[in-house]
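Below is one structure, written out as structure tokens, with a few remarks after it.
The values are calculated or read from the model by the stated rules, or taken from the named source; none is laboratory data. These numbers were taken from a predicted model, which means no experiment stands behind them. FYI the Cβ positions are ideal-geometry reconstructions off the backbone, even for glycines, and counts take in every protein chain you see. Just so you know, the surface numbers come from the protein's heavy atoms only, side chains and all, with ligands and any DNA or RNA stripped out. Shrake-Rupley method; radii C 1.70, N 1.55, O 1.52, S 1.80 Å.
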Amino acid sequence: MVDVVVVGAGIMGSATAYALACEGCDVTLVEQFRVGHCHGSSHGRSRIVRLAYPEVEFVELAKESFAGWRELEREAGVGLLELNGLLELVDDPAQSSRDALDSAGAEYELLAAEAAWQRWPVSVPDGWTALFQPEAGIVRADLAHRAFVDRAQAHGARLQEDTRVDSLDELAAKAVVVTAGPWVSVFFPDLPVHTTRETVAYFKRDGDPLPSIVQLDPVTRGHAMYSLHDPVHGLKAGAHHAGARIGPDEEGGPDSALVERVAEWVARTYPDADPDPVAAEACMYTTTPDEHFILERRGRVVIGSACSGHGFKFAPAIGRRLAQMTADIL
Ligand SMILES: Cc1cc2nc3c(=O)[nH]c(=O)nc-3n(C[C@H](O)[C@H](O)[C@H](O)COP(=O)(O)OP(=O)(O)OC[C@H]3O[C@@H](n4cnc5c(N)ncnc54)[C@H](O)[C@@H]3O)c2cc1C
């Protein structure tokens, strides 16, 4: 009997297997497809990392995660964070992350649209404010995912790909971690999560990488549109929480109406990018009602559902927390 089976080798399962293996646990990471597949939530070349959040707890979790990414970079010998900052575009500065950043002692600048334009080729809507926060940018998602898996294996973890776990009862392990992403509700239908198929589009843009952008919806205060550097095409952009609800095994690709909406926003926002998309892809969000994460223990099982469309940046910290919860079972 192994100590721990981790079900699901997306970024959360991989980070958890790494943290467990570093602690000397005997761990097997099981994945129904192959690491890096494009049916879940973790594929792609980049994700936004940022300290800027309206909730202090997320600012602190992001700080801890930055340190975790740096450790992984050192251990794997690969650059993962590219920090070009973040522009949070808001109709009203009161909606920005400034209060939480103040509480966390993190620096930022508030810029009027014209002042932002003087620094970057980014068009901020008239009358809006751009909060610039330097500790942000992108994490090289595919490299980070690979690094967690490789380093977990280097510390003794086993990886079993092309293996679907049908029942947790069948697993001969002292503890089980379920990091099944959109499939978590197959195992736990009572969890308050729903799954959507989201669309991202890629645009050709040359020149130095710009800060990542999140544009807030003035009514909900949630993110509406976002963009970030893509190492191949130059720019990746999407509409947040805009996709249709689906089941995790439903086949389907990017939504052309959303690609069009994103392209219109890119045309308005980036005068130096080609507004014709060069590629688009789909990716799943697994979302809780308050967009926080589920880290929960049920007997010998630990559940890690950390998405709601913003989980990737926190993977080092989430992996450690899930590993700690698992260690308490052993
Ligand atoms: C379009 C998009 C943009 C995003 N942008 C950002 C961003 O900019 N910044 C950010 O921080 N976050 C972002 N996120 C969120 C982030 O990517 C997710 O929070 C994260 O990838 C979730 O990882 P996961 O490991 O929980 O899920 P997944 O990556 O889906 O991994 C779950 C894995 O479990 C496997 N699995 C499921 N069931 C079984 C089974 N029965 N047996 C074996 N294996 C199984 C699946 O095949 C899958 O590989 C974005 C997400 C999307 C979709």
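Extending each Cα 7 Å along its Cβ direction at LEU330 and ASP26, get the distance between those two points in nm, one decimal.
Those two pseudo-labels are separated by 1.1 nm.
Which values of log₁₀ I(q)/I(0), to two decimal places, follow from the Debye formula for the chain at q = 0.09, 0.15, 0.16 Å⁻¹ with a uniform point scatterer at every Cα?
Rounded to two decimals, the profile gives -0.45, -1.23, -1.38.
Distance between Cα centroids, the range 181-243 to the range 84-147: provide it in whole Å.
When both Cα centres are located, 16 Å separates them.
Might you tell me the accessible area per residue for the range 182-252, computed with a 1.4 Å probe and given in Å²? Before the final figure, lay out the partial values.
On the way: 2900 Å² over 71 residues.
Per residue, the range 182-252 has 41 Å² of solvent-accessible surface.
Would you please state which residues of the range 244-272 a label at ALA279 would reach in this model, taking the label point 7 Å out along Cα→Cβ and a backbone N cut-off of under 20 Å?
Counting only backbone N, you get 252-264, 266-267.
Within the chain, which whole H helices from DSSP have a Cα span along their axis of at least 27 Å and a mean Kyte-Doolittle hydropathy of -1.0 or more, if any?
Values: long enough: 56-76 (30 Å, -0.43).
Qualifying helices: 56-76.
Once the piece of chain linking ASP99 and GLU114 is laid out straight, how much longer is it, given 0.36 nm per residue of separation minus the C-alpha distance between them?
Working: separation 15, 0.36 × 15 = 5.40 nm, distance 2.31 nm.
Here the answer is 3.1 nm.
For the range 2-327, with all protein chains present and a 1.4 Å probe, just round the carbon and sulfur fraction of the accessible area to a whole percent.
Reported share for carbon and sulfur atoms: 48 percent.
Tell me which of MET225, ALA152, SER167 sits at the most positive position along the dipole axis of the chain, charges placed on C-beta atoms (Lys, Arg +1; Asp, Glu -1).
ALA152
Packing-wise, with mean Cβ within 10 Å as the measure, how do 301-310, 286-295 rank, highest first?
Descending mean neighbour count gives 301-310, 286-295.
Put a dot 7 Å past each Cα toward the Cβ at GLU82 and ASP217; how far apart are the dots in nm?
Each label point lies 7 Å from its Cα, and together they span 3.0 nm.
What nm value, rounded to one decimal, do you get for the distance between VAL56 and ASP290 when each label is placed 7 Å out toward the C-beta?
1.6 nm
Just need the relative contact order of the range 2-327 here, percent rounded to a whole number, with Cα pairs under 8 Å and 6+ apart.
26 percent
Suppose the Debye formula is applied to equal point scatterers at every Cα of the range 272-312; what is log10 I(q)/I(0) at q = 0.16, 0.24, 0.25, 0.34 Å⁻¹?
-0.59, -0.84, -0.86, -1.12
In the neighborhood of TRP183, defined by Cβ-to-Cβ distances under 13 Å, what is the net charge if each Lys or Arg adds +1 and each Asp or Glu adds -1?
With Lys, Arg at +1 and Asp, Glu at -1, the neighbours total -3.
What is the diffusion coefficient of the range 139-220 in µm²/s, taking the Kirkwood radius over Cα pairs and the Stokes-Einstein relation at 10 °C with a viscosity of 1.306 mPa s?
Working: Rh = 17.6 Å.
Here the translational diffusion coefficient equals 90 µm²/s.
Can you list residues whose amide H is under 5 Å from MET225's amide H, if they're 5+ apart or on another chain and H is modeled 1.01 Å from N?
Amide H to amide H, under 5 Å and 5 or more residues apart or across chains, MET225 pairs with GLN215, HIS240.
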